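What follows is a set of notes on a single structure, which appears directly below.
The values are calculated or read from the model by the stated rules, or taken from the named source; none is laboratory data. The structure displayed is predicted, hence computed values, not measured ones. Don't worry about glycine lacking a Cβ; one is built from the backbone with ideal geometry, like all the others, and counts go over all protein chains shown. Heavy atoms of the whole protein, side chains included, go into the accessibility calculation; ligands, DNA and RNA do not. Shrake-Rupley method; radii C 1.70, N 1.55, O 1.52, S 1.80 Å.
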Amino acid sequence: AYKGEVIGLAGLGGHGQTEMLLDLYRGLSSDWFPGRDKNVAFVAGDRSLNGTFTLWSILRNLSVASLGALSKASLVDAGREAVLGADWKTRIEIRTPDMGNPILSLSGGNQQKVLLAKWLQVKPKLLLLDEPTQGVDFGARQQIFQALDRAAAEGTAILCASTDNEQLEQICDRIIVFSRGRPVAELKGDAVSRKAITEACFHSDAQQPEAAE
């Protein structure tokens, strides 16, 4: 993955895309402590299970990966944290009257924008996304795409696993199609299209024999 490149991991659900992201994250990240390693960031597909801290505020969910940079003598600078929250609230249009409200007061799309902003703020070299617009309405989806475009323009390489071929066609420079746990096709440039992704998925399935009982 090159700087600024957006790579899609396509295919039917459960065919190895998420597992590849997890393996990459485990292999490239020094540990699982939020914000300790800024080379790689991972936005999980299941917000409620692996994404949000449900008892925390919107602001703290956004700032948790940046607490080291916002702290002095192990104390978080509340003023700087509030500025960070206000900046991202405007930049990615988080729809809330108060960033101090609970994260669960937000719609699913706005929760996803908070999770994305949390990691974009630390400017990782590689951003791993698993179904980033699942359960997100059209407006929030376009704002997420714009945020990803800005991150790529600033040099972040992005790997995005999604079963939404229209989404991948819209945002990706290159697509790797998965089937039965392995990559089976690669699409680049003008070859990237929903039709080509679908054909690669089903053609590869037709070419693979069933496993023996």
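Structural remarks
- Scanning the stretch 155-164 for residues that are touching a strand residue (DSSP E or B) at 6+ places or on another chain (Cβ under 8 Å), within 18 Å of Gly135 (Cβ to Cβ) and surrounded by fewer than 21 Cβ atoms within 10 Å (Cβ to Cβ) turns up just one, Thr163.
- Check on Leu9, more than 18 Å from the chain's Cα centre (by Cα) and open to solvent by less than 20 Å² (accessible area, probe 1.4 Å): no
- Test: residue in the stretch 183-190 that is part of a strand (DSSP E or B) and touching a His at 6+ places or on another chain (Cβ under 9 Å): yes
- Residue in the stretch 92-112 that is without any contact (Cβ under 8 Å) to a residue 24 or more places away in the chain and not acidic (Asp, Glu) present: yes
- The stretch 144-202, residues that are under 14 Å from the mean Cα position of the chain (by Cα), among the polar types (S, T, N, Q) and under 25 Å from Leu28 (Cβ atoms): Thr156, Ser162, Thr163, Gln167
- Those residues of the stretch 105-157 which are under 21 Å from Asn39 (Cα atoms) and of a type in the set (Lys, Arg), in sequence order: Lys113, Lys118, Lys123, Lys125, Arg150
- Long-range neighbours under 6 Å by Cβ, at least six apart or interchain, first residue without any contact (Cβ under 8 Å) to a residue 40 or more places away in the chain within the stretch 177-200, second surrounded by fewer than 14 Cβ atoms within 10 Å (Cβ to Cβ) and in a helix (DSSP H, G or I): Arg194/Glu166
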